[in-house]
């Protein structure tokens with residue numbers, strides 16, 4: 001019998017038993033999907049973005065379905081870093097799955113504050129830094145589009161934590177490579193991309209925006225080819241591992257990202273369609289490796305035929 | 001909460017674009033409480049990333065049925081479902097209606113196919129009461145005989161007067177409250193458009209009664225993760241908080257709901 005392929009990957013000091021995580025904002029804080037899938041099967045759980053203080057988020061309607069995608073403007077509703085730690089971490093600690101906490105803020109000080117708090121919470125494996133939420137009017141966005149601000153916020157977070165640090169890059173920037181390099185130079189252990197793509201939809205009868213926030217971020221299969229290209233470009237610019245995100249709903253989708261250069265992937269909107277998507281993708285990747293006689297997933301990362 | 005591949009047993013248009021879909025769902029069906037819903041993945045609609053939520057109309061040990069109207073691309077695609085096809089269901093979801101209080105007179109108020117969410121309430125109620133069905137036209141008034149055969153009185157209002165009294169369902173309710181309520185204390189169970197729910201809630205508060213309202217906000221994941229379907233709910237300190245219609249709801253007591261202006 002041939003040995004099972006090695007599915008494990010590393011993001012800095014964080015070892016994942018397989019390369020498939022669930023993306024921030026699409027999996028709640030864990031309990032929401034725990035009845036439906038075994039969280040222990042996942043490579044990691046990335047929880048919904050948290051901030052210094054609790055945030056109420058945007059007025060409804062908060063999401064709108066479009067062809068092969070979803071535009072969301074939730075507005076980062078969350079219980080705040082202390083609320084998250086007390087309400088959800090006792091639950092998550094019961095599982096043998098790395099927990100990556102997505103953080104965001106309106107100032108560098110906010111980011112540093114939340115990172116320091118998260119670093120002190122037992123059971124957290126990593127921090128994903130959201131510098132690119134399209135749904136927050138002040139702050140967050142500029143950290144993802146201004147290279148100097150981006151470096152400063154990543155360096156500030158790095159100072160406060162030794163956990164695996166993963167800046168999440170925005171798609172709506174002039175070029176992905178300078179930001180990928182800046183993340184690497186500022187001490188990031190990995191980068192994740194892409195965040196949702198700024199978008200809007202209009203009700204033509206009412207002549208009103210379909211979202212309470214007017215604009216939002218597009219996710220789902222519609223953005224997958226954009227994301228694959230950005231991962232491919234980023235992979236050429238940095239040595240740190242990349243987490244590929246954007247419209248992944250099947251194992252072939254995930255494999256495209258991995259071949260383009262992603263070490264791991266995150267399943268987002270597809271969790272809403274089919275809660276067991278991530279588990280099916282893990283099984284599909286495993287079967288692909290077996291079929292192609294590969295010893296491990298690492299062989300496949302960035303193996304695009306040129 | 002379970003994921004189940006349900007099998008279509010029957011799919012037919014009842015009237016005026018309203019359809020009945022009966023499925024074999026032996027895992028989910030026996031667990032359904034009145035007022036709960038299922039999240040259905042529409043087959044043959046790959047461009048859809050969201051499931052569609054439907055109140056459970058009827059449920060027994062093996063089968064579960066829903067009522068829907070062909071209003072969007074999801075429901076239009078559902079009309080093509082054929083007997084024997086497999087449909088992925090997530091459910092039962094949400095917190096439904098509480099059991100009717102034994103010392104009160106149960107009153108159902110439904111707008112359009114809102115009555116679907118009330119059938120199991122009617123069926124399980126220890127005391128049979130009065131049900132009000134409203135719609136724009138006679139074709140919007142569904143399944144009256146189904147409720148009558150459970151022993152309920154059914155009173156109808158249509159906006160065009162083509163069935164029952166002419167007016168809103170809340171007009172029919174008001175007439176009844178004036179003439180027929182007598183010294184009984186009503187307990188309301190309602191499902192329909194927000195305007196109707198708001199009116200039922202306001203009347204309930206004026207009468208110092210109780211009303212359980214099932215809210216139908218636009219929904220995303222159905223399990224509490226995405227925070228799409230949030231509703232403003234009063235907090236004990238006089239403020240408000242967003243609660244998830246899919247998780248804490250869809251049924252709330254009328255006093256707890258903060259309606260948008």
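Every read-out reported here was derived from the displayed coordinates using simple, explicitly stated rules and does not represent laboratory data. Here the structure is a predicted model, which means the values were calculated and not measured. Every residue, glycine among them, receives a Cβ derived from its backbone with ideal geometry; neighbour counts consider all protein chains shown.
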Notebook entry, point to check: Taking only C-alpha pairs under 8 Å that are 6+ residues apart, what is the relative contact order of chain A in percent?
Noted result: 20 percent
Notebook entry, point to check: Rounded to a whole number of µm²/s, how large is the Stokes-Einstein D of the protein assembly as shown at 25 °C and 0.890 mPa s, given Rh as the Kirkwood radius over C-alpha pairs?
Noted result: 98 µm²/s
Next item on the list: Just subtract the alpha-carbon distance of residue B:174 and residue B:24 from 0.36 nm times their residue separation and send over the number in nm, one decimal.
Entry: 50.0 nm
Check: Calculated from DSSP H runs of 4 or more alone, at -39500 (n - 2.57) each and per residue, what is the 222 nm mean residue ellipticity of chain B, nearest 500?
Finding: -4500 deg cm²/dmol
Next item on the list: Any chance you could list P(r) for chain A, counting all Cα-Cα pairs in 20 angstrom bins from zero, rounded to whole %?
Entry: 36, 59, 5, 0
Next item on the list: Give me the number: length gained by fully extending residue B:62 to residue B:198, i.e. 0.36 nm times residue separation minus the C-alpha to C-alpha distance, one decimal in nm.
Entry: 45.4 nm
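With the cut-off at 1.5 for a/c, could you classify segment A:1-154 from its C-alpha gyration tensor as rounded, prolate or oblate?
Prolate, because a/c is 1.5 or more and a/b exceeds b/c.
Shielding by partners for B:44-53, please: the mean number of other protein chain Cβ atoms within 10 Å of each residue's Cβ.
Average neighbour count from other chains, rounded to a whole number: 5.
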Note to self: I'd like the distance between the alpha-carbon centres of segment B:56-104 and segment B:112-184, rounded to an integer number of Å.
What the structure shows: 20 Å
Notebook entry, point to check: To the nearest 0.05, what FRET efficiency results for residue A:147 and residue A:66 with a Förster distance of 25 Å applied to their C-beta separation?
Noted result: 0.20
Check: Based on the alpha-carbon gyration tensor of segment B:33-173 and its eigenvalue square roots a ≥ b ≥ c, which shape applies: rounded if a/c is under 1.5, prolate if not and a/b is larger than b/c, or oblate?
Finding: oblate
Next item on the list: Provide, as a two-decimal number, the C-alpha radius of gyration of chain B over 2.2 N^0.38 Å, N being how many residues it has.
Entry: 0.98
Note to self: List residues of segment A:31-51, by number, whose backbone nitrogen lies under 16 Å from a label position 7 Å along Cα→C-beta of residue A:15.
What the structure shows: A:43-44
Margin query: Just checking the output field for A:23-29: average partner chain Cβ neighbours within 10 Å of each residue's Cβ?
Written below: 3
Notebook entry, point to check: Got a sec? How would A:16, A:7 order by Cβ neighbour count within 10 Å, fewest to most?
Noted result: A:7, A:16
Next item on the list: Assuming a ≥ b ≥ c are the square roots of the Cα gyration tensor eigenvalues, decide whether segment B:105-256 counts as rounded (a/c under 1.5), prolate (otherwise, with a/b larger than b/c) or oblate.
Entry: prolate
Checklist line | Nitroxide proxy distance, nm - points 7 Å out along Cα→Cβ at residue A:291 and residue B:145 | finding: 5.3 nm
Margin query: How shielded is A:67-76 by partner chains, expressed as the average number of their Cβ atoms within 10 Å of its Cβ atoms?
Written below: 3
Item checked: Proxy reagent accessibility, fewest Cβ within 10 Å first, across B:18, A:111 -> B:18, A:111
Note to self: Below 8 Å, C-alpha to C-alpha, sequence gap of six or more: please give me the relative contact order for segment A:100-196 in percent.
What the structure shows: 29 percent
Margin query: Tell me the mean residue ellipticity at 222 nm calculated for chain A from its helices only (DSSP H runs of n ≥ 4, each -39500 (n - 2.57), averaged over every residue, nearest 500).
Written below: -9000 deg cm²/dmol
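Just rank A:303, B:214, B:65, fewest to most, by other beta-carbon atoms within 10 angstrom.
A:303, B:65, B:214
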Check: Roughly how many nanometres apart are two label points built 7 Å out from the Cα toward the Cβ at residue A:106 and residue A:236?
Finding: 4.0 nm
Check: Which residues in segment A:210-236 place their backbone N less than 11 Å from a point set 7 Å from the Cα of residue A:177 along the Cα-to-Cβ direction?
Finding: A:233-236
Notebook entry, point to check: Quick one: helix B:194-207 against the long Cα principal axis of chain B, what's the angle to the nearest 10°, folded into 0 to 90?
Noted result: 30 degrees
